[in-house]
Structure formats: C-alpha cells, structure tokens
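See below for the structure under consideration.
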Amino acid sequence: MGKYVVSPTTLETSSGRFSASFSVQRSQGNGNYCRVFRFDKTFASREAARMFAVTQGWLQSCMPHPPAC
C-alpha cells in the first residue's frame, strides 16, 4: 500500500472465534519502521477478521496523521 507493506493476519481463539491483527512496515534509506496492531474484537469467521485487518491496515497507511490505536 504505497510506501508501506501491510501484512494482515488472523488467529483462532480458544472460543472458536477469530481475532485480527496487522503489521505495517517501511524501509526508507537507513531508517526502518515496523508496528504491529492487535485488536480485542473477535469475529465469527477468519475471512471477516482478515477483512477487518486489511481495512484497518489500509486506513493506517493512507492517513497523513493516523489515530493511535
């Protein structure tokens, strides 16, 4: 997504639901940037959790001053 690499991931919880997270990475010159975002919300399907992570990653990488999660 532009100058960032956004990697969504999902994890099945002990209750059988799915949690979402994503990482944002950027390498530019001598500086590197990597942040991991995990969410408390759970989803009924792996696909729903993945779409949430993709959407949140897109928002985080596209906003000039993204809100802190």
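The values are calculated or read from the model by the stated rules, or taken from the named source; none is laboratory data. Every value quoted in this text rests on a predicted model; they were computed, and no experiment measured them. Cβ placement follows ideal geometry from the backbone for every residue including glycine, while neighbour counts extend to all protein chains displayed. What goes into the accessible areas is simple: the full protein's heavy atoms, side chains included, and nothing from ligands, DNA or RNA. Shrake-Rupley method; radii C 1.70, N 1.55, O 1.52, S 1.80 Å.
Filtered by the rule that a residue be among the hydrophobic types (A, V, I, L, M, F, W, C), loosely packed, with under 14 Cβ neighbours inside 10 Å and modelled with pLDDT under 90, the stretch 1-47 gives MET1, CYS34. Beta carbons closer than 9 Å, at least 6 apart along the sequence or on distinct chains, pair a first residue in the stretch 30-56 that is over 13 Å from TYR4 (Cβ atoms) and of a type in the set (A, V, I, L, M) with a second that is open to solvent by 80 Å² or more (accessible area, probe 1.4 Å) and modelled with pLDDT of 90 or more for ALA44/ARG17; ALA49/LEU11; ALA49/ARG17; ALA49/LYS41.
Pairs are defined by a Cβ separation below 6 Å, a sequence spacing of at least 6 or placement on different chains, a first member in the stretch 4-25 that is more than 10 Å from GLN56 (Cα to Cα), and a second member that is assigned to a loop (DSSP other than H, G, I, E, B); the pairs so defined are SER19/THR13; VAL24/TYR4.
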